[in-house]
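The values are calculated or read from the model by the stated rules, or taken from the named source; none is laboratory data. As the structure is a prediction and not an experimental result, all values here were calculated from the model. Using ideal geometry, Cβ is built from the backbone for each residue, glycine included, and neighbour counts are taken over all protein chains shown. Accessible surface areas use protein heavy atoms only, side chains included; no ligands, DNA or RNA. Shrake-Rupley method; radii C 1.70, N 1.55, O 1.52, S 1.80 Å.
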Amino acid sequence: MTPGGGSGPMKDCEYSQISTHSSSSPMESPHKKKTAAPKRKWEVFPGRNKFFCNGRVMMARQTGVFYLTLVLILVTSGLFFAFDCPYLSEKITPAIPAIGGILFFFVMGTLLRTSFSDPGVLPRATPDEAADLERQIGNTEDIANGSSSGGYRPPPRTKEVIINGQTVKLKYCFTCKIFRPPRASHCSLCDNCVDRFDHHCPWVGNCVGKRNYRFFYMFILSLSFLTVFIFAFVITHIILRSQQAGFLNALKDSPASVLEAVVCFFSVWSIVGLSGFHTYLISSNQTTNEDIKGSWSNKRGKENYNPYSYGNIFTNCCAALCGPISPSLIDRRGFIQPDTPQPAAPSNGITMYGATQSQSNMCDQDQCIQSTKFVLQAAATPLLQSEPSITSEELPLPGKTTIGAPCATLTLGQPTPPSSMPNLTSETGLTDMIPLKEEHEGHQFLTPEEAPSPPGMLPAGSPITHSHTMHVLSLASQDSLHEDSVRGLVKLSSV
């Protein structure tokens with residue numbers, strides 16, 4: 001085809017369609033493209049948390065009290081193993097430092113497991129999920145209120161669900177844009193919604209929730225045993241030394257034992273009391289948050305029972321301490337997927353994405369323009385030849401287009417130009433138009449001033465230009481051409 005044909009734009013269109021499969025945009029230079037290292041999710045985590053070891057360690061932002069806890073345990077235990085255990089293992093039994101070592105490692109393991117793990121953070125809603133939830137809430141409110149006004153209303157704060165016959169309210173979190181599951185709460189210090197939220201413990205530097213509660217309980221329970229163990233054998237050490245050299249001399253000979261006894265004496269009451277309190281919570285299958293708020297208090301009535309309790313102390317303890325650990329929902333070490341274009345509204349059952357849709361629309365527009373040109377040429381060819389027009393009673397001849405007969409369906413995707421294209425001049429066109437005008441005197445045609453001619457179809461200033469456009473428009477209106485061809489014709493005429 002010549003440069004004026006339709007092959008050039010079609011090739012460009014096909015090239016644009018192929019280029020959409022690449023990851024770079026069409027306007028981006030290939031040698032300017034730089035591949036950035038993929039980020040992990042913990043690097044853009046919205047909550048107020050600190051991460052270490054490439055996201056493996058997750059803690060709260062306020063960790064000062066946690067380091068104090070760590071120092072107290074390490075210093076007290078270190079002094080006990082350094083100054084008391086050698087004397088006790090010699091005078092009493094070597095099992096004392098062995099038992100103390102087991103308790104110490106168990107305490108440190110459970111402390112680090114509680115502090116460095118995900119307590120059960122619930123992921124926040126994406127913008128699409130939040131918009132869909134607000135849309136559902138708005139529709140529910142409109143139905144409930146019997147109004148269809150488009151004004152903004154804040155979403156309701158609660159929903160009600162039935163759990164074991166008890167009505168439980170689900171609160172809406174305006175920060176995370178979700179309805180929190182039962183027993184979940186939003187921690188103001190970490191700025192996260194935590195599943196089965198118990199409390200935020202500054203001593204461990206993390207929230208205590210569904211995924212680390214058992215380790216927190218084992219930590220305070222083992223710490224209670226270690227504190228009592230160290231305090232008991234420190235007193236034993238002082239008593240044995242005082243029997244040999246007196247009480248004051250015993251204190252002078254082992255000043256570390258005095259420091260250990262003081263630390264253990266002031267801490268054992270709070271640690272043992274905290275262990276007893278959480279033992280009660282586990283046996284009744286409650287959380288600290290529920291107990292403080294009195295959610296299932298018997299003072300509210302007999303019908304206000306705890307729907308999460310199994311009715312058996314042993315079963316409640318097994319469910320809290322021996323049940324499976326749920327996986328983390330935030331996937332903090334996962335890679336962030338590249339931003340994929342959102343699907344647009346489907347049109348005619350076809351879903352287009354991002355730049356592909358705009359480029360396909362441009363290609364369809366070029367195809368429509370080229371197809372319209374071929375429609376004009378194919379429709380005008382039989383009319384411009386010196387042939388008498390036939391009536392509706394005559395049979396159509398091959399190779400001729402009748403005005404009364406319906407047009408054939410045109411395919412806009414791949415238009416095929418006519419095999420032969422006669423050379424049109426102003427003289428031949430004028431002589432061909434005279435018989436047509438005489439034979440169709442009864443028909444109402446547009447005047448040349450009323451019908452604008454498309455530019456580029458015929459030489460400028462030719463008298464055949466307006467008549468040619470007149471017959472093409474008459475043919476298009478009588479034969480009911482496809483809507484896309486008519487739009488292409490109007491668009492071409494307005495250029």
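Of note:
- Identity of the residue in the range 187-238, outside any helix (DSSP H, G or I) and of a type in the set (Phe, Trp, Tyr), that ends up nearest to the chain's Cα centre (by Cα): Phe197
- Restricted to the range 274-290, and to residues there that are part of a helix (DSSP H, G or I), among the β-branched types (Val, Ile, Thr) and open to solvent by less than 30 Å² (accessible area, probe 1.4 Å), the residue that is nearest to Cys187 (Cα to Cα) is Thr288.
- Applying the set (1) at pLDDT 95 or above; (2) part of a strand (DSSP E or B) to Thr167 leaves exactly one unmet item: (1).
- Phe233 touching an Asp or Glu at 6+ places or on another chain (Cβ under 7 Å), over 28 Å from Pro307 (Cα atoms) and open to solvent by 40 Å² or more (accessible area, probe 1.4 Å): yes
- Annotation note: Cβ proximity below 8 Å between a residue of the range 297-308 that is open to solvent by 100 Å² or more (accessible area, probe 1.4 Å) and a residue that is modelled with pLDDT of 85 or more and assigned to a loop (DSSP other than H, G, I, E, B) (sequence gap 6+ or interchain) occurs for Arg300/Gly294.
- Of everything in the range 90-147 that is more than 30 Å from Pro202 (Cβ to Cβ) and basic (Lys, Arg), the residue that is modelled with the lowest pLDDT is Arg135.
- Breaking point among (1) of a type in the set (Phe, Trp, Tyr); (2) open to solvent by less than 40 Å² (accessible area, probe 1.4 Å); (3) touching a Pro at 6+ places or on another chain (Cβ under 7 Å), for Tyr87: (3)
- When Phe81 is tested against the conditions (1) more than 21 Å from Pro255 (Cα to Cα); (2) hydrophobic (A, V, I, L, M, F, W, C); (3) at pLDDT 95 or above, the lone failure is (1).
- Some residue of the range 57-69 being in a helix (DSSP H, G or I), open to solvent by 30 Å² or more (accessible area, probe 1.4 Å) and not aliphatic (A, V, I, L, M): yes
- Number of residues in the range 92-113 that are in a helix (DSSP H, G or I) and in contact (Cβ under 8 Å) with a residue 24 or more places away in the chain equals 11.
- Scanning the range 164-202 for residues that are among the hydroxyl-bearing types (Ser, Thr, Tyr) and open to solvent by less than 40 Å² (accessible area, probe 1.4 Å) yields a total of 2.
- Residue ID - nearest to the chain's Cα centre (by Cα), chosen from residues in the range 95-128 that are aromatic (Phe, Trp, Tyr) and open to solvent by 60 Å² or more (accessible area, probe 1.4 Å): Phe116
- The requirement of being β-branched (Val, Ile, Thr), closer than 30 Å to Asp84 by Cα and without any contact (Cβ under 8 Å) to a residue 12 or more places away in the chain is not satisfied by Val268.
- Qualifying residue in the range 252-273 (condition: buried (at least 17 other Cβ atoms within 10 Å of the Cβ), among the charged types (D, E, K, R) and on the phi > 0 side of the Ramachandran plot): no
- Any hit, the range 211-221, residues being of a type in the set (Lys, Arg), at pLDDT 95 or above and in contact with a Pro (Cβ under 7 Å, 6 or more places away or on another chain): yes
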